[in-house]
Amino acid sequence: PRYRPDWASLDSRPLPAWYDRAKVGVFVHWGVFSVPAWGSEWFWWHWQGQHDAAYERFVRRRFPPGTTYAEFAPRFTAHDFQPRQWAQLFQRAGARYVVLTTKHHEGFTNWHSPASWNWNSVDTGPHRDLVGELGEALRESNLRYGLYYSLMEWFNPFYLADKQNDFKTQSFILRKTMPELYYLVLKYKPDVIWSDGDWEAPDSYWNSTSFLAWLYNDSPVKDTVVVNDRWGRGCSCHHGGFYNCADKFRPGTLPDHKWEMCSSLDRRSWGYRSNMSLPEVMDEMSMIEELVQTVSLGGNYLLNVGPTKEGVIAPIFQERLLALGRWLETNGEAIYESQPWRVQVENTTDTVWYTSKGPVVFAIFLLWPRDSVLHLSSPIPCPDTQVTLLGFAGTLKWQKQPGTGMLITLPYMLPSPLPPQSGWAVKLEGVK
């Protein structure tokens, strides 16, 4: 069918199946904000939009008087950026797709945008097409490639003029947003368009529906591309492909629409901060917990890292990503291509979550039970029920629990002063 440029028609498009199967992605926030590397990726806005005293003090202390934000761009060097190494890391992390910021609200583009003269990564800074180089490396590694794009720009004079006119004019859209979006799609053929920066104006200002109709009907990625829900004030959680709803969104119960939880390893920022401390970095257990809860409730998990201005992913981020990958190597069968089960979380505890694949049910438990006996009250076993622990050879003994459910005897674990790693999955065959 051809889609019309209205939400009723666009929202009827089925989501390409690869996205729901993928479950796990990596988000990358990288741009000129990686140069001050302080506070957050909203540095320019806090400094010169809000005149936040802490940011003004930071610039006074670190940079010569009269420094402008534009002067940070040449220092965004990407000297150590090795796209193949990134792709390898993301693959080892168990990600099936990667989303890169092509342009954040600062307006600097990580490719040679004809509509962003001298404020892009080819004319200044790295003198490289970062979007193109990463895309090539990811595709060599069989990872899908998503492009984050901010529709707005804080200090673009055309945007500010449109805003002044209550968004009744569209100079910014016609000169900047639309040319860039079409260019990105035609040149890089993304698998995801992760839109952002939409909240100040309605979708009619952004021309969202006509762009999406072209994307779904005539673009080179019309059959494979997926988009999120940030296409204008009030669209979030209502219109688009998958829903983000809000950053770090946790629905609590099973939503009736495909969604994604985006989270960041640095709990306080999406961009790199040079003063980040260890307690501010998500630990392995929290990361696995977020992933398990998200997938049980039918979501995808998009985990963010912010590289340095040189293009280095901090070793602590690499360590966390590799830990996630090791966990998925053992337990991925319960995650990838799974579906929510009739029960998503055990009603007696929030440490046991369920996924399913056809008739097979997986119970993922986040804490190892003290007596090594796992109590599950939701599955209804039958005499032929078989139970295995992912990553462990052989079947496990189980018995029917008085009332409902089952008791599963887990393998004996050696006592250790340290709590064991987080999250194990039992595979239940022949339960209802």
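The values are calculated or read from the model by the stated rules, or taken from the named source; none is laboratory data. All of these numbers come straight from a predicted model, not from anything done at the bench. Positions of Cβ are generated from backbone atoms using ideal geometry, with glycine treated the same way; all protein chains shown enter the neighbour counts. Accessible surface areas use protein heavy atoms only, side chains included; no ligands, DNA or RNA. Shrake-Rupley method; radii C 1.70, N 1.55, O 1.52, S 1.80 Å.
Among the protein heavy atoms, those of Thr385 account for about 10 Å² of accessible surface (1.4 Å probe, every chain in place). Ser210 contributes an accessible area of around 50 Å² to the protein surface, as traced by a 1.4 Å probe with all chains present.
With no solvent and one point per C-alpha, what does the Debye sum give as log10 I(q)/I(0) for region 339-431 at q = 0.18 Å⁻¹? Results for region 339-431 at q = 0.18 Å⁻¹ read -0.79. Solvent-accessible area per residue in the chain equals 43 Å², computed with a 1.4 angstrom probe and all protein chains kept.
How far is helix 53-62 tilted, in degrees, relative to the longest principal axis of the Cα atoms in the chain, given as a value from 0 to 90 rounded to the nearest 10? Approximately 70 degrees, to the nearest ten. With Rh defined as the Kirkwood radius, the inverse of the mean 1/r over Cα pairs, the Rg/Rh of region 334-377 is 0.98. Positive contributions from Lys and Arg (+1) and negative ones from Asp and Glu (-1), summed over other residues with Cβ under 14 Å from the Cβ of Arg21, come out at 0.
For the chain, the mean residue ellipticity at 222 nm estimated from helices alone is -7000 deg cm²/dmol, where every DSSP H run of n ≥ 4 contributes -39500 (n - 2.57) and the total is divided by all residues, rounded to the nearest 500.
With a 1.4 Å probe rolled over the protein heavy atoms of all chains, the accessible area of Thr388, Thr404, Thr294, Thr224 falls in the order Thr404, Thr224, Thr388, Thr294, largest first.
With a simple spin-label model that places each label point 7 Å from the Cα along the Cα-to-Cβ direction, the separation between Leu160 and Gln421 comes to 5.1 nm. For region 308-432, carbon and sulfur atoms together expose 58% of the accessible surface, with a 1.4 angstrom probe and every protein chain in place. Per residue, the average separation of C-alpha pairs within less than 8 Å and at least 6 apart gives region 7-334 a relative contact order of 25 percent. Sorting 348-357, 75-84, 2-11 by their mean Cβ neighbour count within 10 Å, with the most densely packed peptide first, gives 348-357, 75-84, 2-11. Exposed loop positions in the chain were taken to be GluC sites (Glu not before Pro) whose DSSP state is not H, G, I, E or B and which have at most 16 other beta-carbon atoms within 10 angstrom. Between these positions, the longest stretch is 1-199. Expressed in units of 2.2 N^0.38 Å, where N is the residue count, the Cα radius of gyration of the chain is 1.06. Amide H to amide H distances under 5 Å link Ser195 with Tyr149, Asn228, Arg230, where only residues 5 or more positions off or on other chains count and H is placed in the peptide plane. A simple spin-label model places the labels of Glu136 and Asp247 3.2 nm from each other, with each point 7 Å out along Cα-to-Cβ. Put a dot 7 Å past the Cα of Arg233, heading toward its Cβ, do the same for Asp52, and the two dots end up 2.4 nm apart. No disulfide-compatible partner, judged by a Cβ distance under 4.7 Å, exists for the following cysteines of the chain: Cys235, Cys262, Cys382. Where does helix 130-140 land angle-wise versus the long Cα axis of the chain, in degrees 0 to 90, nearest 10? Helix 130-140 sits at roughly 30 degrees to that axis. Length available on full extension from Asn275 to Asp256: 0.36 nm per residue minus the Cα-Cα distance, which gives 2.8 nm.
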